[in-house]
């Protein structure tokens with residue numbers, strides 16, 4: 001057989017037998033790019049649509065979390081992460097119920113115009129706060145002494161009411177009503193805030209009792225965010241405790257973890273962390289008793305520049321606390337880029353991410369390989385609220401990682 005015939009046979013062999021294998025290797029060697037998902041394929045029926053909302057079918061995934069577009073009768077919401085979508089769905093149901101309650105704002109508008117009862121009554125608190133606190137009546141002296149500890153130190157976050165509203169009691173009414181409806185009074189949902197403010201004004205002026213409001217709640221009352229992936233982002237203590245008191249309680253908890261008061265106050269004054277998120281993060285760290293380097297979460301939280309980042313960091317802390325309490329005690333925390341990873345006493349590495357759908361991207365590959373290279377002989381686990389792409393699953397398992405998708409119920413309490 002001449003050389004040309006031999007060459008032809010070799011080429012045919014490659015095409016028929018080796019090409020599919022080479023193609024398969026090439027597919028799995030290539031990194032995945034962010035893509036789109038279909039809402040009806042990934043969401044439970046109650047999250048996909050209701051009489052109050054509809055999720056657009058096209059869902060953008062950035063390699064870690066999903067980006068949803070939600071149409072409502074009020075506006076279109078752009079929501080990042082499935083846990084945030086679950087929160088929004090609960091809020092929309094609560095809003096619809098709130099709107100059934102009629103209130104008369106005539107008295108409030110009159111009060112607002114005069115400004116005397118709301119401004120004059122608290123004017124001295126801003127002109128001479130030290131004197132006001134010193135001369136406080138005996139019966140409430142303790143309360144004012146607590147508030148005094150935050151003067152000049154605590155900054156109001158964008159999720160809070162104004163200082164005047166907090167001091168005259170409007171915020172107290174708002175918190176009680178939010179609790180009745182099972183929503184977070186520090187929510188950034190503008191429609192929810194509008195309805196909470198309306199009912200709180202009526203309650204404050206005697207036009208609406210909390211008992212009256214609760215009679216309209218029906219199936220909404222008592223709902224907590226157990227389906228949100230953050231397991232109880234909302235609770236009565238956060239809604240009904242003054243923000244200034246939460247600030248002091250959180251400061252005390254965090255100073256028991258780290259003696260760096262400046263860092264603690266910088267975190268507590270980070271405006272993207274609402275009092276609710278601050279409280280959840282602080283209490284998650286408190287429950288990680290015995291875990292070394294817990295203060296790392298405080299330092300990571302200082303880097304948060306958006307509300308979404310603040311929520312994700314808080315969720316990681318809650319997941320880590322859940323692992324420590326429900327799966328296996330952790331020994332220490334270590335940095336992972338701008339996040340954290342945990343280690344058990346045997347050296348095993350635990351990575352916990354509140355992600356929706358992880359793909360095999362270059363960022364993921366670099367992080368995974370870096371962790372594995374620095375922990376050659378140890379077991380590595382990756383826990384997530386969501387799932388993994390087929391390629392990410394194959395590549396991670398090939399590298400010796402144990403995967404725990406859909407881990408919400410394992411890590412978080414849902415009672």
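The values are calculated or read from the model by the stated rules, or taken from the named source; none is laboratory data. Remember, predicted model here, so these are calculated numbers, not experimental data. All Cβ positions, glycine included, derive from the backbone under ideal geometry; neighbour counts span all protein chains shown.
Within the stretch 183-192, if we keep just the residues that are surrounded by fewer than 21 Cβ atoms within 10 Å (Cβ to Cβ) and touching a helix residue (DSSP H, G or I) at 6+ places or on another chain (Cβ under 7 Å), the residue that is modelled with the lowest pLDDT turns out to be 188. For residue 326, the conditions (1) surrounded by 13 or more Cβ atoms within 10 Å (Cβ to Cβ); (2) more than 25 Å from residue 80 (Cβ to Cβ) all hold with the exception of (1).
When you check residue 88 against the structure, is it modelled with pLDDT under 95 and closer than 19 Å to residue 45 by Cα, yes or no? I'd like the intermediate steps shown before the answer.
Values: modelled with pLDDT under 95: yes; closer than 19 Å to residue 45 by Cα: yes.
Yes; evaluated as a whole, the condition is true for this residue.
For the stretch 394-413, name all the residues that are part of a helix (DSSP H, G or I), more than 26 Å from the chain's Cα centre (by Cα) and surrounded by 13 or more Cβ atoms within 10 Å (Cβ to Cβ). Those that are part of a helix (DSSP H, G or I), more than 26 Å from the chain's Cα centre (by Cα) and surrounded by 13 or more Cβ atoms within 10 Å (Cβ to Cβ): 394, 395, 396. Taking the criterion of being more than 12 Å from residue 354 (Cβ to Cβ) and under 10 Å from the mean Cα position of the chain (by Cα), the only residue of the stretch 294-309 that qualifies is 307. Within the stretch 362-369, none of the residues are under 19 Å from residue 61 (Cα atoms) and at pLDDT 95 or above. Any residue in the stretch 286-293 that is within 15 Å of the chain's Cα centre (by Cα), crowded, with 19+ Cβ neighbours inside 10 Å and at negative phi? Looking through the stretch 286-293, none of the residues is within 15 Å of the chain's Cα centre (by Cα), crowded, with 19+ Cβ neighbours inside 10 Å and at negative phi.
Among the residues making up the stretch 51-95, those that are under 20 Å from residue 359 (Cα atoms), in contact (Cβ under 8 Å) with a residue 24 or more places away in the chain and touching a strand residue (DSSP E or B) at 6+ places or on another chain (Cβ under 8 Å) are 60, 61, 63, 64, 65, 66, 68, 80, 81, 82. Of everything in the stretch 28-59, what is within 15 Å of residue 88 (Cβ to Cβ) and part of a strand (DSSP E or B)? Give them in sequence order. Once the filter is applied, which keeps residues that are within 15 Å of residue 88 (Cβ to Cβ) and part of a strand (DSSP E or B), the stretch 28-59 yields 49, 53, 54, 55, 59. Among the numbered conditions (1) under 22 Å from the mean Cα position of the chain (by Cα); (2) under 30 Å from residue 38 (Cα atoms); (3) assigned to a loop (DSSP other than H, G, I, E, B), the only one that residue 351 does not meet is (3).
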